[in-house]
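Structure record follows, encoded as structure tokens.
Derivation of every value follows stated rules applied to the coordinates shown; laboratory data play no part. On a predicted model such as this, the values are computed, not experimentally measured, just so you know. Because the Cβ atoms are built from the backbone with ideal geometry, glycine has one as well, and the counts that use them run over all protein chains shown.
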Amino acid sequence: MPEPEPFRIKMIEPLTLLSREERLKRIRSVGYNVFKLRARDVYIDMLTDSGTSAMSDLQWAKMLTTEQAYAGSTSFELLEESVADILGFPQFLPVHQGRAAENILFSLTVRDGDFVPNNMHFDTTYANVKHKGGTPVNLVVDEAYRPGQEGDFKGNMDISKLRDFIDETGSEKIPVIMLTVTNNTAGGQPVSMENIREVSEVAKEHDIPFFLDACRFAENSYFIKSREKGYENVPIRDIVREMFSYADGFTFSAKKDGLANIGGILGVRDLELHKKAVELGIVIEGFPTYGGMACRDLAAIAQGLREATDPEYLRYRHQQVKYLGDRLDDAGVPISKPVGGHAVFVDGKEFLPHIPQVQFPAQALTAELYVEGGIRGVELGTSAFGETDEDGNVIPATLEYMRMAIPRRVYTLTHLDYVADTVISLYHRRDDIKGLERTYAPKLLGHFMSEFKPL
Ligand code: PM9
């Protein structure tokens with residue numbers, strides 16, 4: 001029996017479930033791409049955990065009591081205090097979301113022909129490195145590519161792969177080493193403290209700056225506490241501080257573990273790089289005390305960082321994601337194991353073995369889940385991470401996931417039971433699901449805008 005949620009509901013938003021016929025009509029009209037659905041046509045929205053959190057009464061209160069000023073608002077001071085207290089970073093730049101932090105960091109560091117290693121790049125990080133003429137390289141441990149295999153820290157960077165890569169490439173071609181916590185692309189899998197420390201040591205040895213992609217740092221810290229030897233009795237806040245202490249900087253989307261609906265942060269220790277980031281930030285984001293946001297958004301993040309590192313909240317968060325994962329696993333639905341920090345990832349290859357990857361099984365599953373129960377997941381497989389060769393042939397991604405991300409503090413366990421029942425009934429009629437042909441795909445971040453037709 002799960003433990004009760006550490007909050008109660010103060011405001012609600014009605015949900016509507018369209019008829020199956022209507023849902024079929026809607027998915028056809030958007031080219032089988034759920035990004036193009038209207039939110040009000042979705043019953044349970046698990047497209048993303050990004051910017052979809054329910055904010056607390058205290059967050060709303062702080063938003064109301066800050067001035068909206070171009071320069072020097074109190075909300076910036078609140079954010080400065082939280083970033084210093086919680087993440088231990090003296091210098092940072094607020095930005096409007098995570099990819100803006102990536103844009104500034106890579107604009108200042110990556111040159112044509114450079115390489116950026118990461119355990120695994122998420123889609124926007126990958127695209128931002130490419131956009132600056134660099135090549136993103138994934139050096140995750142091999143277990144990450146085996147969805148059904150259990151493991152405590154399947155998000156880790158493979159240290160020997162990293163060492164070999166630096167030796168072969170030369171450190172002068174590597175302007176920065178990134179580490180994504182938790183590893184979203186691999187199923188929201190955590191990275192251990194030992195691994196964070198080791199990556200930072202390798203980076204230091206080669207004089208390469210080491211940055212965390214810290215979108216889900218709080219969820220990662222919970223996994224360290226519950227799984228890593230020696231951290232059982234260490235308070236979450238101390239674990240967080242230690243994680244960040246190894247990094248020269250970080251990119252952060254406050255839309256995840258900032259419990260805010262918009263916002264991001266670029267943390268930088270190096271004074272010169274920080275100065276350059278501020279200068280470029282003014283050109284593309286805004287003055288550094290608001291960074292492309294309304295001042296009230298900074299106040300929401302300042303408070304959100306505190307709530308996201310509350311041990312009771314993290315226990316609830318972890319329990320909720322695990323609840324959905326366990327229900328599916330118990331019914332034999334193939335998922336990424338163990339269940340990650342923010343979402344349940346269904347293995348499209350195993351769910352739909354009769355659909356070859358060039359026919360986008362995870363995309364087909366995502367579209368079918370909407371038709372089955374009005375639930376919106378997201379494809380993280382060949383549409384998101386595959387490539388296309390010169391002749392236009394699809395080169396499949398290694399992993400083929402349909403992700404159901406759980407917005408923070410939004411859905412109850414009854415909602416998740418509905419989701420589990422729907423996925424399980426879809427699994428029972430999986431042989432009826434057909435593959436898709438892609439009819440349109442932009443070059444970068446294709447999955448947001450691509451279109452398909454059924455085969
Ligand atoms: N992640 C997600 O749903 C939102 C975009 S795809 C629907 O998982 C990592 C690890 C992310 C991430 C966004 C970003 C970019 C960087 N790194 O969306 O720009 O998971 O704030 O963050 C999404 P922004």
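What spacing in nm lies between the two simple spin-label points modelled at Asp270 and Ile395, each 7 Å away from Cα in the Cβ direction?
3.1
Just need the Rg to Rh number for the range 361-403, please, alpha carbons only, Kirkwood Rh.
For the range 361-403, the value is 1.08.
Counting each pair of different Cα atoms once, what's the Kirkwood radius of the range 191-240 in Å, rounded to one decimal?
Its Kirkwood hydrodynamic radius stands at 11.7 Å.
Of Val378, Leu399, Ala364, which is farthest towards the positive pole of the range 358-422's charge dipole, taken about the Cα centre with +1 and -1 on the beta-carbons of Lys, Arg and Asp, Glu respectively?
Of the options given, the answer is Val378.
Run through every distinct alpha carbon pair of the chain and return the Kirkwood hydrodynamic radius in angstroms, one decimal place.
For the chain, the Kirkwood estimate is 22.3 Å.
Counting every Cα pair in the range 35-103, what percent are over 15 Å apart?
72
As a test of understanding, state the convex hull volume per residue of the range 72-152 from its alpha carbons, in Å³.
142
Mind jotting down the distance between the C-alpha centroids of the range 93-139 and the range 173-217, whole Å?
Each part reduced to its Cα centre gives a spacing of 13 Å.
Please report the spacing between the Cα centers of the range 314-345 and the range 1-79 in Å, no decimals.
Using only Cα atoms to place each centre, the spacing works out to 21 Å.
Looking at the chain only, what percent of DSSP beta bridges run antiparallel? Nearest 5 please.
65
Report the rotationally averaged projected area of the range 1-119 based on its alpha-carbon convex hull, in square nanometres.
Taking a quarter of the hull surface, the average projection is 14.1 nm².
Output the pairs from Lys173/Lys225; Lys36/Lys256; Lys130/Lys322; Lys255/Lys453; Lys322/Lys453 with a Cα-Cα distance over 24 Å in this structure; if there are none, say none.
Distance filter (> 24 Å) returns Lys173/Lys225; Lys130/Lys322; Lys255/Lys453; Lys322/Lys453.
Assuming a viscosity of 1.306 mPa s and a temperature of 10 °C, what translational diffusion coefficient in µm² per second does Stokes-Einstein assign to the range 212-260, Rh being the Kirkwood radius over Cα pairs?
The diffusion coefficient I find is 142 µm²/s.
With N denoting the number of residues in the range 374-426, provide Rg(C-alpha) divided by 2.2 N^0.38 Å, to two decimal places.
Cα-based Rg divided by the globular estimate yields 1.55.
Which of the GluC sites (Glu not before Pro) found in the range 90-184 are loop residues per DSSP with 16 or fewer other Cβ atoms within 10 Å of their Cβ?
Taking the range 90-184 and a limit of 16 other Cβ atoms within 10 Å, the loop GluC sites (Glu not before Pro) found are Glu150.
Send over the Kirkwood Rh of the range 327-455, from the inverse of the averaged 1/r over different Cα pairs, rounded to one decimal Å.
15.0
If I model a spin label as a point 7 Å beyond the Cα along the Cα-Cβ vector, how far apart are those points for Thr414 and Met1 in nm?
Between Thr414 and Met1, the simple spin-label model gives 1.8 nm.
Over 10 Å intervals from 0, what percent of Cα-Cα pairs in the range 292-350 sits in each interval?
Reading upward from the zero bin: 21, 33, 23, 18, 5.
For the pair Lys443 and Glu22, what calculated FRET efficiency results from E = 1/(1 + (r/R0)^6), where r is the Cβ-Cβ distance and R0 = 35 Å, to the nearest 0.05?
Given R0 = 35 Å and the Cβ-Cβ separation, E is 0.55.
Calculate the length of the line joining the C-alpha centroid of the range 142-164 to that of the range 407-437, in whole Å.
28
Taking the alpha-carbon distance from Lys25 and a cut-off under 13 Å, which aspartates and glutamates remain once sequence neighbours fewer than 8 residues away in the same chain are dropped?
Partners found: Asp41, Glu368, Glu372.
Given a cut-off of 21 Å, what percent of all Cα-Cα pairs of the range 125-251 lie beyond it?
Value for the range 125-251: 38 percent of Cα pairs lie more than 21 Å apart.
Quick check on the range 230-281: take the gyration tensor over C-alpha atoms, sort the square-rooted eigenvalues as a ≥ b ≥ c, and tell me if it's rounded (a/c under 1.5), prolate or oblate.
Note, shape of the range 230-281 comes out oblate.
Bin all alpha-carbon pair distances of the range 411-455 at 5 Å intervals from 0 and give each bin's fraction as a whole percent.
Over the range 411-455, the share of Cα pairs per 5 Å bin runs 5, 18, 13, 12, 14, 19, 15, 4 percent.
Starting from 0 in steps of 5 Å, tell me what percent of the Cα-Cα pairs of the range 328-396 lands in each bin.
4, 16, 22, 26, 18, 8, 4, 2, 0
Using 0.36 nm per residue, how much length does the chain from Val234 to Ala331 gain when fully extended, once their Cα-Cα distance is taken away?
Answer, rounded to one decimal: 31.4 nm.
So if I take the alpha carbon set of the range 199-316, get Rg, then get Rh from the Kirkwood formula, what is the Rg over Rh ratio?
1.00
Express the Stokes-Einstein translational diffusion coefficient of the range 8-53 in µm² s⁻¹, to the nearest whole number, given a Kirkwood radius over alpha-carbon pairs, 37 °C and a viscosity of 0.692 mPa s.
Value of D from the Cα-based Kirkwood radius: 271 µm²/s.
Using DSSP to call loops (not H, G, I, E or B), can you name the trypsin sites (Lys or Arg not before Pro) in the range 1-80 whose Cβ has at most 11 other Cβ atoms within 10 angstrom?
Arg8, Lys10, Arg38
May I ask you to list the GluC sites (Glu not before Pro) in the range 199-296 that are in a DSSP loop and have at most 15 other Cβ atoms within 10 Å of their Cβ?
Glu232
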